[in-house]
Amino acid sequence: MKLNLWKATVLAIVVVGLQACGDDPAPTPPKSPEQVATEALTGSATQAWTVSGGGKVTKGDLDVTNLYSTFDLVLTSVPSKTYTSANSNELFDANGSWSFSGSNFDKITLTGTKPAAGREISFTQSGSNLKLMFSIPAPGARINGQLAVAGDYVFDLIKK
């Protein structure tokens, strides 16, 4: 009787050991630099960014957060790379598409007709923060012939 119990115990240990050594799934391949950059901007598909709640906007050395205090930018990557913006004080189009500029995947370009469209926008993302940096040159940098928007902008946005 003792021998059968011992054999059963050994057999159970061997079976459990073999099951633990089963086929391991193939390792997940590393993400490409483009995938990493896309996820930084859009999460798994869509990410909203805002100035409200702690963001900041500067133009040159001037704090212009008051002009963009309710600015929102929503970036989407699935099914296509699109964006919407709200309360941009005519700096960004209400919607359009975006694409990476160059091969380093640290700059984007937005489509549209507003001053920020067609500009290389550098970005850095860390945790719940997204920093957008871009310049609008002086020629033709007026909105409705009044508001001069030429300058170097930094939008410090918060994940919404």
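Please report the orientation-averaged projected area of the stretch 43-159, defined via the convex hull of its C-alpha atoms, in nm². Mean projected area for the stretch 43-159: 7.2 nm², to one decimal.
Amide H contacts under 5 Å for ARG119: LEU110, restricted to partners 5 or more places along the chain or on a different chain, H placed in the peptide plane at 1.01 Å from N.
I want the local charge near SER135. Using Cβ-Cβ distances under 15 Å, sum +1 for each Lys or Arg and -1 for each Asp or Glu among the other residues.
Cβ neighbours under 15 Å give a net charge of +2.
Anything over 19 Å Cα to Cα? Flag those among LYS114/LYS159; LYS81/LYS107; LYS131/LYS160; LYS31/LYS131, in the order listed. Correct reply: LYS114/LYS159; LYS31/LYS131. What are the aspartates and glutamates whose alpha-carbon lies under 18 Å from the alpha-carbon of LYS56, with same-chain residues fewer than 8 places away excluded? Filter leaves ASP72, GLU90, ASP152, ASP156.
Residues VAL64, VAL149, VAL51, VAL36 in ascending order of nearby Cβ atoms (within 10 Å, fewest first): VAL36, VAL64, VAL149, VAL51. Please say if the stretch 72-132 is rounded, prolate or oblate, where rounded means a/c under 1.5 for a ≥ b ≥ c the square roots of the C-alpha gyration tensor eigenvalues, and otherwise the choice is prolate for a/b larger than b/c and oblate otherwise? It comes out rounded by the Cα gyration axes.
Coordinate-derived values only; no laboratory data. Fair warning: this is a prediction, and the values are worked out from it, not measured in the lab. Please note: Cβ atoms are built from the backbone with ideal geometry, for glycine as well, and neighbour counts cover all protein chains shown.
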